[in-house]
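These notes concern the structure reproduced below.
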């Protein structure tokens, strides 16, 4: 591991640093040759879809279609390291609990099913049949199917997700907590109400035509590095790129494209953002409202910046919004955004002068109490100038997991649409449960209350991804059974129920051989493109099963004669699953033929056609007041502005979601460590402390148990006063289970009211 140090990084995102990092990742996993060959098949027409982020692929015109963090994900999956039965015989669960999240996953690929033995505190081997039998025994013993919950990671394929939701609904519940509940749930909620679809409307081609791109609460340099290629090209042709983010992020400032020979040879780079607005954490709502107010003032004064014809033909609710904007206080907008009227007018001017605009956002927008309202304000902004349903324009929520959008399309949703349930009944001949199920936070509460006794996870790392760590771990340990389908060891296998199973599966990079021959799976990217993914590597171990096969065999074992679905027949050839998908979802008609075309096909997006599937049949302007009673406001009223900080949780550069590839965060100048907090230098001085000192976080939350996270090193950083940033999952214990987005339930991990106290050394 790297030496612990804080050292200013003055280079661009990408460049030689990214290439060196890829090389180190391959060497660490002992696969320099195999790994390089594997990477050349990533995101290619005859290869596999990257198991990293959901950013779409262009026309595979380059030799390599992977980014630095995608390469780390591929290397981790293709690793030469193995975790066998001998490993579990040598290490008790208590011993493994002392290891870091990085160390757990770094042991390598799991090789066979394992079951927890409480008498020895070790996992031991179990046959697949016995594993499925144990799960079926637990599930069938429950007096109510709603006492089980079925989690889904965003890496599951369309085929696996479809079978999974079908099995769970035939079992009798809609309890589908998933990773969407913790990230982009507000995007879907907000956009469905405003424009009738819960997905972004843009395509990659729109990025070649946009005259302005606004990026809210997103760090593409770390979380979606391939996006930087599109931003670089847009900047080079003169598009204005406006970044709105509390922290200075190198990927939003400068980028050196590793595929540009001249740029690499000359150590050059490309400026990305033409404008960079560092607002306060949680200030996006007020900032966007200020932009809209500026547009209205200009239009009222005779500068024609609003698309009145579009508004009249395609929208409703504009008069109420106009009245609200005219009455809004600039003073309040300045206070809540942390930026001046001039800043908001400057951003609005860029927008007004652009003929077409894309608005992108990430979890810096979605993980707030008022995230749904903020997203609807961004949509309002686009609607005011007709920037939905025309080339180079539209909303673009940038998803994380590679198939998180596809899983929702396949029916992984605790609030299933009636049309889905009706179609399942028609195609499969059973009555699906009609009542809504449990999302992620409600599932944790139900486990704590003893109402959910069996927890099954199709991928992911639930124990590390979820809020309020102490409560979540308590909830998992109260379950009668926890089951995790996975490729590698992680924290969720250590924090387990009374009975526990680890079921190892094939990875995206591996060949999936079934009775019908070599199989491919499909995924849906952030821009609704559906395409095939074919693994190229031999399986890491002979006993691994694919996710579809695991689901099918579990369904057959659990449901038996109660189900008329030919589960085992379906997984002999995944084209049979895709035929059933086409029978259920009209947008997937002729699925197998359409997905065989290189690059796949795009699902219909009605809003991009200016067809509005809303109650009024038009796009809806939503009017909201500036939030002034959030948990942060309340905490500062109790303790004072100078004492309570707004904490945003974030990823390091050597991290993807909960998977940690190392202890470096190159672009932020952090090496060999993770327990750091990025804070304004003046705030550090006002605390009577200096950079390098250690602090403890305490959540300022009314009532309930104290929430602490201890031993974080202060790092002076370019971030607004009163705001701090630190990595998750280390700071997940600070996020109260009850602090969620209104109307979406997403944990508020980007605006946690905290106190920073001098670190107390344990006696």
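So how much slack lies between residue 743 and residue 342, counting 0.36 nm per residue of separation and subtracting their Cα-Cα distance, in nm?
Additional length available on full extension: 141.1 nm.
In what sequence, highest mean first, do 742-752, 143-153 appear when ranked by Cβ atoms within 10 angstrom?
Answer by packing, highest mean first, reads 742-752, 143-153.
Fewest to most neighbouring Cβ within 10 Å: what's the order for 664, 349?
349, 664
Sort 718-724, 267-273 by the packing proxy (mean of other Cβ within 10 Å over each peptide's residues), most packed first.
The most tightly packed comes first, giving 718-724, 267-273.
Of the DSSP beta bridges with both residues in segment 185-398, give the percent that are antiparallel, rounding to the nearest 5.
The antiparallel fraction comes to roughly 10 percent.
Just rank 612, 298, 16, fewest to most, by other beta-carbon atoms within 10 angstrom.
16, 298, 612
Sorted from fewest to most neighbouring beta carbons within 10 Å, what does the list 674, 390, 82 look like?
82, 390, 674
Between residue 24 and residue 144, what FRET efficiency follows from the Cβ-Cβ distance if R0 is 41 Å, with the result rounded to 0.05?
0.20
So how do 476-486, 163-173 stack up, highest first, on mean other-Cβ count within 10 Å?
163-173, 476-486
I need the calculated FRET efficiency for the pair residue 515 and residue 80, taking r as the beta carbon distance and R₀ as 25 Å, to the nearest 0.05.
Computed FRET efficiency for residue 515 and residue 80: 0.30.
Here are a few candidate values for Cα Rg over 2.2 N^0.38 Å: (1) 1.03; (2) 0.91; (3) 1.14. Which one was actually calculated from the structure I just gave you?
(2)
When DSSP assigns beta bridges and you keep just the ones with both residues in the chain, what percent turn out antiparallel, to the nearest 5?
Taking every DSSP beta bridge within the chain, about 45 percent pair in antiparallel fashion.
With no solvent and one point on each alpha carbon, what is the Debye value of log10 I(q)/I(0) for segment 52-171 at q = 0.11, 0.19 Å⁻¹?
-0.61, -1.26
Could you state the per residue volume, in Å³, of the convex hull enclosing the Cα atoms of segment 60-131?
Convex hull volume per residue, Cα atoms: 115 Å³.
For a quick size check, give me the Cα extents of segment 185-398 along its three principal axes, largest first, whole Å.
56, 36, 35
In whole Å and largest first, what semi-axes does the C-alpha gyration tensor of segment 327-376 yield when each eigenvalue is scaled by 5 and square-rooted?
For segment 327-376, the ellipsoid semi-axes come out as 20, 19, 9 Å.
Assign one of three labels to segment 631-758, namely rounded, prolate or oblate, based on the Cα gyration tensor with a ≥ b ≥ c the square roots of its eigenvalues; rounded applies when a/c is under 1.5, prolate when it is not and a/b is larger than b/c, and oblate otherwise.
Oblate, because a/c is 1.5 or more while a/b does not exceed b/c.
Roughly speaking, what is the centre-to-centre gap between segment 417-468 and segment 325-373 when only Cα atoms are used, to the nearest Å?
If you average the Cα positions of each part, the centres end up 36 Å apart.
Laboratory data are not the source of any read-out in this text; all were calculated from the coordinates shown. Source: prediction; values computed, not measured. For neighbour counting, all protein chains shown are included, and Cβ atoms are generated from backbone atoms with ideal geometry for every residue, glycine included.
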